[in-house]
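The values are calculated or read from the model by the stated rules, or taken from the named source; none is laboratory data. Every value quoted in this text rests on a predicted model; they were computed, and no experiment measured them. When we count neighbours, we look across all protein chains shown, and the Cβ atoms used for this are built from the backbone with ideal geometry, even at glycine. Ligands, DNA and RNA are excluded from the accessible area calculation, which covers all protein heavy atoms including side chains. Shrake-Rupley method; radii C 1.70, N 1.55, O 1.52, S 1.80 Å.
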Amino acid sequence: MKKKLAVALAAAMTLSGALAAVPVMAEDSDLIVVGFAQVGHESDWRTASTQSCQDVFTEDNGYDLQFVDCDNDSATQLEAIRTFIEQDVDYIIVDPIVSTGWDEALTECEDAGIPVIVIDRTIEDSDKYVSWVGSNFKTEGLAAGEWLKAYAEANGIEEINALVIEGTTGASATIGRTEGFSEIADAEGWTILDSQDGDFTQSGGQEVMESYIKSYEGQFNVVVCQNDNEAFGAIDAMTAAGISYGVDGDVILISFDACTAGLELVQSGDINADFECNPLAAPFVEEVIQQLEAGETPETEVYMEEHWYTYDDTVSTFEVDGVEQTCTVVTDEIVEAQY
Ligand code: AHR
């Protein structure tokens with residue numbers, strides 16, 4: 001595509017001298033080829049992320065999307081990147097399953113002249129990508145902790161004994177949410193009874209919760225699930241064990257993502273608070289690609305907007321690092337508009 005685009009623009013210059021004003025029609029062969037190495041299909045969030053890319057990178061929009069579902073396997077993801085290099089795609093999008101182990105593959109992309117755009121999760125051991133689009137996971141964890149602090153104060157709850165169901169080990173979403181929530185827990189002197197990997201899946205959440213119930217029944221009053229699908233699994237496990245949760249229950253249930261099904265459970269009071277992670281990165285990624293196509297330099301970091309959702313306004317505002325945060329009470333309109 002890049003060579004064909006250059007030829008079209010050069011011809012246009014000879015004829016009119018005006019590069020910017022000349023539309024380049026996307027025929028089959030003119031499509032911008034984008035390889036996307038997606039994490040997998042582990043959650044509602046992930047489905048929405050994939051859909052976002054498939055909606056934006058269509059042939060009608062001038063793209064040929066090469067999509068690989070890496071099924072949460074880092075080796076598969078690295079192989080997908082190398083296949084994209086062999087195919088000589090125009091751009092590579094990657095949502096890194098884990099945050100390390102990237103420099104060699106990204107150096108190969110750089111050597112091949114293929115710009116890489118990272119979405120959602122971050123890469124810690126390489127800077128060989130042009131742009132990252134995503135969310136601040138540590139802020140999400142801090143927000144969950146600050147909200148719990150304010151909620152406990154408002155309800156006269158003096159002791160917090162929490163169980164955490166983490167996401168995939170090594171994923172930056174897990175690392176950031178864990179760090180953020182732990183920072184508040186440490187400062188407040190809360191007890192984190194246990195913190196185990198639920199792999200961001202419903203079955204993982206259920207399995208970890210079942211084992212927590214065996215080990216800690218009667219000892220915990222907070223469960224933090226690092227995504228909604230884990231919360232669905234934890235709910236099933238607690239329901240089966242006769243443990244009450246949510247706004248009228250014995251256990252405060254906190255979740256992340258705020259997908260449609262998660263927000264329905266906030267609205268019904270089963271989940272007390274849900275901290276959004278925005279999966280709709282593709283329009284921002286397209287902007288980055290279009291800037292690169294135009295020879296411009298895109299932002300190296302693009303943060304997407306997120307909201308904190310609650311059942312009611314027991315806590316309407318709190319601060320994270322001195323910045324006021326607002327809680328949004330879930331309504332039918334919000335649920336309908338969510339991903
Ligand atoms: O990286 C984003 C996380 O990954 C989302 O919280 C989760 O649902 C997904 O699997």
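Take 256-269, 234-247, 113-126 and order them by the average number of nearby Cβ atoms within 10 Å per residue, most first; the result is 256-269, 113-126, 234-247. Counting only residues at least eight positions apart within a chain, or on another chain, the aspartates and glutamates with an alpha carbon under 13 Å from that of residue 214 are 194. GNM remark for the chain: springs join alpha carbons under 10 Å apart, and the peak mean-square fluctuation among 138, 149, 214 falls on 214. Axis of helix 74-87 versus longest Cα principal axis of the chain: the two differ by about 10°, to the nearest ten degrees.
Antiparallel beta bridges, as assigned by DSSP with both residues in the chain, represent about 15 percent of the total such bridges. Backbone geometry of region 198-214 corresponds, through the Karplus equation with coefficients 6.51, -1.76 and 1.60 at θ = phi - 60°, to 3J(HN,Hα) couplings of x, 6, 6, 10, 5, 5, x, x, 5, 4, 5, 5, 4, 6, 4, 4, 4 Hz, x marking Gly and Pro. Over the chain, Cα pairs under 8 Å with separation of 6+ residues give a relative contact order of 15 percent. Dividing the convex hull volume of the alpha carbon atoms of region 88-202 by its residue count gives 113 Å³ per residue.
Coordinate range of the alpha-carbon atoms in region 172-217 per principal axis, descending: 30, 27, 10 Å. Extension gain for residue 58 to residue 307 (0.36 nm times residue separation, less C-alpha to C-alpha distance): 86.8 nm. Any chance you could list P(r) for region 139-219, counting all Cα-Cα pairs in 5 angstrom bins from zero, rounded to whole %? Pairs per bin, as whole percents: 3, 15, 23, 23, 21, 12, 3, 0. At full extension, residue 211 and residue 335 could sit 41.5 nm farther apart than now, given 0.36 nm per residue minus the alpha carbon distance. For region 257-339, the calculated P(r) over all alpha carbon pairs, in 10 Å bins from 0 to the bin holding the longest distance, is 17, 37, 25, 16, 5, 0 percent.
Counting only protein heavy atoms and using a 1.4 Å probe, what share of the accessible area of region 208-303 belongs to carbon plus sulfur, as a whole percent? Whole-percent figure for carbon plus sulfur exposure: 45. Top mean-square fluctuation among 248, 270, 197, Gaussian network model of the chain, C-alpha springs under 10 Å? Result for the chain, Cα springs under 10 Å: 248 fluctuates most.
Counted by Cβ distance under 11 Å from residue 101, the other residues give a net charge of -4, where Lys and Arg count +1 and Asp and Glu count -1. Looking at the chain, the accessible area is 44 square angstrom per residue; that uses a 1.4 Å probe and ignores ligands, DNA and RNA.
Relative protection proxy for 301-310, 32-41, from highest mean packing down: 32-41, 301-310 (other beta-carbon atoms within 10 angstrom). Backbone N atoms of region 259-286 closer than 19 Å to the 7 Å Cα→Cβ label point of residue 316 belong to residues 273-274.
Database remark: amide H of residue 245 closer than 5 angstrom to the amide H of 250, 251 (H placed geometrically; neighbours at sequence offset of 5 or more, or on other chains; Pro and chain starts carry no H). Dividing the convex hull volume of the alpha-carbon atoms in the chain by its residue count gives 139 Å³ per residue.
Its relative contact order, with pairs defined as Cα atoms under 8 Å and 6+ residues apart, puts region 80-213 at 22 percent.
Highest mean packing first, where packing is the average number of other Cβ atoms within 10 Å per residue, the peptides 173-180, 311-318 line up as 173-180, 311-318. For region 36-87, carbon and sulfur atoms together expose 41% of the accessible surface, with a 1.4 angstrom probe and every protein chain in place. Calculated mean residue ellipticity at 222 nm for the chain: -13000 deg cm²/dmol, from DSSP H runs with n ≥ 4 weighted as -39500 (n - 2.57), summed, divided by the residue count and rounded to 500. At an R0 of 41 angstrom, the distance between the Cβ atoms of residue 296 and residue 236 translates into a FRET efficiency of 0.25.
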